[in-house]
């Protein structure tokens, strides 16, 4: 397997205690990041999901508002359920 170093990033997981945290040296030309997105989930090096939650909440709010608008337009519940499942 060949790794494309221009697309690769390194995320170092560590405990949240700042005095015991030492950043290891970067591998060759691979960039070290503090936050990485993988399959739609935002990971942080200190196991904190605040960034992921702040990313997901506005999307959920927008989708629920859309369903509320569609319900007020008179769309039947069976169709709203199909739309809800599609948005998930």
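What follows is calculated from the coordinates using simple rules that are stated; it is not laboratory data. Here the structure is a predicted model, which means the values were calculated and not measured. Note that each Cβ is placed from the backbone with ideal geometry, even for glycine, and that neighbours are counted across all protein chains shown.
Details
- Compactness of the range 49-88 as Cα Rg over 2.2 N^0.38 Å, two decimals: 1.36
- Here the calculated FRET efficiency for residue 14 and residue 77, from their Cβ-Cβ distance with R0 = 41 Å, stands at 0.30, rounded to the nearest 0.05.
- Full-extension gain in nm, residue 33 to residue 56, via 0.36 nm per residue minus C-alpha separation: 6.2 nm
- Isotropically averaged projected area of the chain, using the convex hull of Cα atoms (one quarter of hull area), nm²: 9.0 nm²
- Note on residue 49 and residue 64: the extension gain reaches 3.2 nm, defined as 0.36 nm multiplied by sequence separation minus the Cα-Cα distance.
- In nm, spacing of pseudo-spin labels at residue 85 and residue 7 (7 Å Cα→C-beta vector): 3.3 nm
- When only Cα pairs below 8 angstrom with a gap of at least 6 residues are kept, the chain shows a relative contact order of 21 percent.
- Compared with the dominant Cα axis of the chain, that is its longest principal axis, helix 77-87 is turned about 20°.
- 222 nm mean residue ellipticity, helices alone, for the chain (DSSP H n ≥ 4; -39,500 (n - 2.57); rounded to 500): -13000 deg cm²/dmol
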